[in-house]
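What follows draws every value from the coordinates through simple rules; no lab data is involved. Because the structure is predicted, anything quoted here is derived from the model rather than measured. A quick note on method: Cβ atoms are made from the backbone with ideal geometry, for glycine too, and the neighbour counts reach across all protein chains shown.
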Amino acid sequence: MIKLINKKINDIDASEIILVKDLKSKYIKDVKILKENGFSAKNEEICVLIESSRVYVGIEDFEDYDSIRVGLSLAFNKLKLNKNIKIASYVSKCSYWFIRAVVEGVILGGYSFDKYKSEKNKINVKSFQISTENYLDEKLNVDDAKEAINEASIIANSTNFTRDIVNEIPNNIYPKSLAKIAKDLSKSNNLACNILKEEDLKEENMNAFLAVGRASVNPSRLIHLSYKGKNAKKNIVLIGKGLTYDSGGLSLKPADYMVTMKSDKSGACAVLGIIKAVSELKMDVNLDVFIGAAENMIGGNAYKPDDVLIAKNKTTIEVRNTDAEGRLVLADTLCYAQEKIKKIDYILDYATLTGACVVAVGPYTSGLMGYNDDLKSEFRTQATKSGELTAPLEFNKYLEKKIKSKIADISNTGEDRYAGAQTAGIFLSHFLTKENKEKWMHIDIAGPAYRESEWGYNPAGGSGAGVRMTLAWISSLINK
Ligand code: BES
Ligand code: ZN
Ligand code: ZN
């Protein structure tokens, strides 16, 4: 649907989106009428001129790619009942990033989850044409532009793939059906796939993981997908929290906190989106993703506060709250992944792990934790470029003591409510081998993974948090 077209903008018959940061530029044809309509080109301001079929959107700047994504999302949704849309390109500094932002804005902003709505969100757009003519009369690099369209399409569509699974309802997504989605992806994208059932988890001594899923009628699964790059420059392992439902277990969540907990599988969905894109972009890495999929429910055989669980690496864990279940599933999944993959350059985990992280950094930002400051900082730079927000959260020797237990090696909760995101991260660090500790980063996506109201180019529901930032980071690693 989105293509580059070697024609002057006026020679294309389509509705036009025009990005503006002020009303001074010569390419703005409608200054008078825009002013009459009170349009002053402020960021996210929009003016639709129905007769001329032109939509003006205010942006912060042509190098502020996230404001371009938001602008495109706004404009596209105004024009979505039209058949053809066109936009001019912008050159000056970098046509590649500009075009990427345009395409991502359209695909991410045009997304909606309307599967269960009788009235569907109508989009009539058949073609979205990016003219090689640009706002600055500079020469566009056509190869760069084509590459940008292709890469942005793969990245944004993979993000929407992640959103779709996050948004899917818990009557349809449970560990077995999530494993089926992974299996189908492995077939279509030529990945290796291995699914472990509960009897396999027992064999592997993954008793912390097993305890979490024990009361559910839907048995747990561990999912492993593997992609081998042609000229692989790095070996990357990603782990996703796949709680297809988190009721809290016996430490039951209050009703108001339980709604939206279908989204507790967002880490798993993110790593699926990432491996989908990495394989479609044919990136030069080896990538292994592991998902711990379970349902945290109540029942006569539910695991209990006061239980002590023995994890795969023999660490004993006192359960003080069955709602701190994600870290138990991740603990064993981390151990398993490190046993399976011997050569690891980086090991990252993605989890909607704590409400505390949302309190700490706000609902739109992911918390980055770990012992490698360079990794956190480099990852953060790339995340920002991709349009995702992150904030580092620090561990320290006093926080490390907060998960001490009187009866076991560690407790699954901190001794008080302070720094809950970090104490969860510190808990996970107990399941890393010594040599992998500095290769590891924990990403708490509890805030941005799922919001009940729209923000920027994210509609209400799953956002695909984790996908774009990780792809930007991997791409920077292999293009160094
Ligand atoms: N899945 C939740 C965390 C969460 C909360 C994700 C809100 C998204 C939005 C997690 O399993 C949980 O319940 N964590 C507890 C930990 C506590 C019991 C130590 C929490 O954050 O309250
Ligand atoms: Zn929980
Ligand atoms: Zn949870």
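Points to keep in mind about this one:
- Using the Cβ of Asn218 as centre and a radius below 15 Å, the other residues enclosed give a net charge of +1, where K and R count +1 and D and E count -1.
- Ranking of Tyr336, Tyr398, Tyr96 by count of other Cβ atoms within 10 Å, fewest first: Tyr398, Tyr96, Tyr336
- Projecting the alpha carbon convex hull of segment 312-390 along each direction and taking the average yields 6.7 nm².
- Karplus (6.51, -1.76, 1.60) ³J(HN,Hα), θ = phi - 60°, over segment 33-40, in Hz, Gly and Pro reported as x: 5, 5, 5, 4, 8, x, 7, 10
- Once the Cα gyration tensor of segment 345-411 is diagonalised, semi-axes √(5λ) in Å: 26, 15, 11
- Phi angles of segment 339-348 translate, via the Karplus equation with coefficients 6.51, -1.76, 1.60 and θ = phi - 60°, into HN-Hα couplings of 6, 6, 9, 7, 9, 10, 8, 9, 10, 10 Hz per residue; Gly and Pro are given as x.
- Exposure proxy order (Cβ contacts within 10 Å, fewest to most) of Cys335, Cys269, Cys193: Cys193, Cys335, Cys269
- Trypsin sites (Lys or Arg not before Pro) restricted to DSSP loop in segment 201-271 with at most 11 other C-beta within 10 Å: Lys230
- The coefficient of translational diffusion for segment 392-480, derived via Stokes-Einstein from the alpha carbon Kirkwood radius under 20 °C and 1.002 mPa s, stands at 137 µm²/s.
- Calculated FRET efficiency for the pair Lys32/Asn172, C-beta based, R₀ 56 Å, to 0.05: 0.55
- Student exercise, the chain dipole from Lys, Arg, Asp, Glu Cβ charges, in Debye to nearest 20: 780 debye
- Each of Phe209, Phe39 was scored by other Cβ atoms within 10 Å of its Cβ. Arranged with the fewest first, they read Phe39, Phe209.
- About its Cα centre, the dipole of segment 294-426 is roughly 220 debye, where the only charges are +1 on Lys and Arg Cβ and -1 on Asp and Glu Cβ.
- Distance from segment 5-35 to segment 230-261 (C-alpha centre basis), Å: 45 Å
- Cubic angstrom per residue, convex hull over Cα atoms of segment 186-296: 114 Å³
- Projecting the Cα atoms of Tyr245, Ile298, Tyr398 onto the charge dipole of the chain, computed from C-beta unit charges around the Cα centre, puts Tyr245 farthest toward the positive end.
- Counting only alpha carbon atoms, the long axis of helix 142-167 and the longest principal axis of the chain meet at about 50°.
- About its Cα centre, the dipole of segment 60-99 is roughly 420 debye, where the only charges are +1 on Lys and Arg Cβ and -1 on Asp and Glu Cβ.
- Based on C-alpha pairs under 8 angstrom that are at least 6 apart in sequence, segment 269-352 has a relative contact order of 26 percent.
- Net charge of Cβ neighbours under 9 Å - reference Ser429; Lys, Arg +1; Asp, Glu -1: 0
- Projecting the Cα atoms of Ile347, Ala419, Ala449 onto the charge dipole of segment 336-480, computed from C-beta unit charges around the Cα centre, puts Ile347 farthest toward the positive end.
- Working value for the chain: equivalent-ellipsoid semi-axes of 43, 22, 20 Å, each the square root of 5 times a Cα gyration tensor eigenvalue, largest first.
- Cα-based helix-to-principal-axis angle, 175-188 vs the chain, degrees rounded to 10: 50 degrees
- Per DSSP, loop chymotrypsin sites (Phe, Trp or Tyr not before Pro) in segment 108-183 with at most 14 further Cβ within 10 Å: Tyr116
- Percent RCO, i.e. relative contact order, over the chain, from Cα pairs under 8 Å lying at least 6 residues apart: 15 percent
- Volume per residue of the C-alpha convex hull in segment 149-236, rounded to whole Å³: 133 Å³
- Contact order for segment 25-82, expressed relative to its length and based on alpha carbon pairs under 8 Å spaced 6+ residues apart, stands at 24 percent.
- Degrees, to the nearest 10: 467-478 long Cα axis against longest axis of the chain: 90 degrees
- √(5λ) per eigenvalue of the Cα gyration tensor, segment 12-95, largest first, Å: 18, 16, 12
- Cut-off 14 Å between beta-carbons: net charge of the residues surrounding Glu415, Lys and Arg +1, Asp and Glu -1: +3
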